[in-house]
Amino acid sequence: MTKSVQRMRRNEDLRKREELKKYEKFAKDEKNKRGRREVEKTEKAEPSIREDIIEGRNAVIEALKSDRTIENLLIAKGNTEGSIGKIIALAKERRIVIKEVDRRKLDSYSETGAHQGVIAIVTPYKYSEVEDILALAKKRGEDPFIIVLDELEDPHNLGSIIRTAELCGVHGVIIPKRRNVGITQTVYKSSAGAIEHMKVAKVTNINATLDMLKAKGIWVYGADIAGKSYSYQTDFKGPCAIVIGSEGKGMSKLTIKKCDILVKIPMVGKINSLNASVAGGIMMYEVLKSRMK
């Protein structure tokens, strides 16, 4: 091979390496741009939600009765009638600072638009661990009764489910950290304060958590229209976890596979799906009925 040919090949190799470097730099820049755009989109689509506010009379009363740390209480000026008087008395008992403010200020804080003239500023909600839920069942001498929510997005549904769960003797609710609503003002109000008496655990991976529960002898029941047995025919005695899917989509395919049994709710109308909180309520009462027999 002549020297001129060798030089040509070397130059060609150098040129290719330079082109490769340029392409890699271009690809990296594009990836960074996409990443920034995604972050901007997320920031616009998902405004920060405060978890340090409780609004509405019932929710605030339950917070005052619990051991929740309340920084101060905001009450609309001149509003001391009815249950507001009870709220003021409870706050004074606990030596909580009470501030009378203009109703417009309460409106600016409110997420639900229905603060009823009172808002409590609290420490952010403290989530429990799954182990805490299991420990509570053991302390009560009861078989674990757990609700698992698969990507529930509506805070009203979450609040309603927590309210029903508390009434039915559920030991705790498990939600995923991603793609699921957390404990917000709307959840507090929708639960009518039941959140103060319910353990809620946030987990990184719902399916791994279901595996862990199954390993501890807990049967996993999924509420799904494809179930072979009806809810009223199922014996829910013993340790159990009820999985409720998201609004519209239901449970994910992998979560369905993790369930020991799929259970359906009887329906005779033309609409073949139920609101998540309604489906959850029906399932929880079926468990309660089984345990009361």
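The figures follow:
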| quantity | calculated |
| --- | --- |
| First in segment 244-272 and under 16 Å from Asn157 (Cβ atoms), second anywhere and among the polar types (S, T, N, Q), Cβ under 7 Å, 6 or more apart | Glu247/Asn157; Ile265/Ser231 |
| Those residues of segment 72-88 which are under 22 Å from Ala194 (Cβ atoms), outside any loop (DSSP other than H, G, I, E, B) and either open to solvent by 30 Å² or more (accessible area, probe 1.4 Å) or in contact with an Asp or Glu (Cβ under 8 Å, 6 or more places away or on another chain) (or both), in sequence order | Ser83, Lys86 |
| Hits in segment 158-173 - residues which are more than 11 Å from Ser191 (Cβ to Cβ) and in contact (Cβ under 8 Å) with a residue 60 or more places away in the chain | Cys168, Gly169, Val170 |
| Test result for Glu129, in contact (Cβ under 8 Å) with a residue 12 or more places away in the chain, in contact with a strand residue (DSSP E or B) (Cβ under 8 Å, 6 or more places away or on another chain), surrounded by fewer than 19 Cβ atoms within 10 Å (Cβ to Cβ) and acidic (Asp, Glu) | yes |
| Identity of the residue in segment 167-180, aliphatic (A, V, I, L, M) and outside any strand (DSSP E or B), that ends up most open to solvent (accessible area, probe 1.4 Å) | Leu167 |
| Single match in Thr184, Thr164 (criterion: more than 12 Å from Met198 (Cα to Cα) and surrounded by fewer than 24 Cβ atoms within 10 Å (Cβ to Cβ)) | Thr184 |
| Test: residue in segment 219-241 that is at positive phi and at pLDDT below 90 | no |
| Failed item, numbered, when Glu40 is tested on (1) in a helix (DSSP H, G or I); (2) at pLDDT 65 or above | (2) |
| Pair list, Cβ < 6 Å and 6+ apart or interchain, from segment 99-116 residues that are closer than 19 Å to Glu71 by Cα to residues that are modelled with pLDDT of 85 or more and open to solvent by 70 Å² or more (accessible area, probe 1.4 Å) | Glu100/Lys77 |
| Scan of segment 138-157 for residues that are without any contact (Cβ under 8 Å) to a residue 60 or more places away in the chain and not in a loop (DSSP other than H, G, I, E, B), ordered by number | Lys138, Lys139, Arg140, Pro155 |
| Condition check for Gly141: open to solvent by less than 10 Å² (accessible area, probe 1.4 Å) and small (Gly, Ala, Ser) | no |
| Residue in segment 267-285 that is of a type in the set (Ser, Thr, Tyr) and modelled with pLDDT of 90 or more present | yes |
| Hey, His197 open to solvent by 20 Å² or more (accessible area, probe 1.4 Å) and either of a type outside the set (S, T, N, Q) or out of contact with any Asp or Glu (no Cβ under 8 Å at 6 or more places or on another chain) (or both) or not | yes |
| Extreme residue, most open to solvent (accessible area, probe 1.4 Å), among residues of segment 224-278 that are of a type in the set (Phe, Trp, Tyr) and farther than 22 Å from Arg163 by Cβ | Tyr232 |
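The values are calculated or read from the model by the stated rules, or taken from the named source; none is laboratory data. What you see is a predicted model, and the numbers here were worked out from it, not measured in a lab. Please note: Cβ atoms are built from the backbone with ideal geometry, for glycine as well, and neighbour counts cover all protein chains shown. Only protein heavy atoms, including side chains, enter the accessible area calculation; ligands, DNA and RNA are left aside. Shrake-Rupley method; radii C 1.70, N 1.55, O 1.52, S 1.80 Å.
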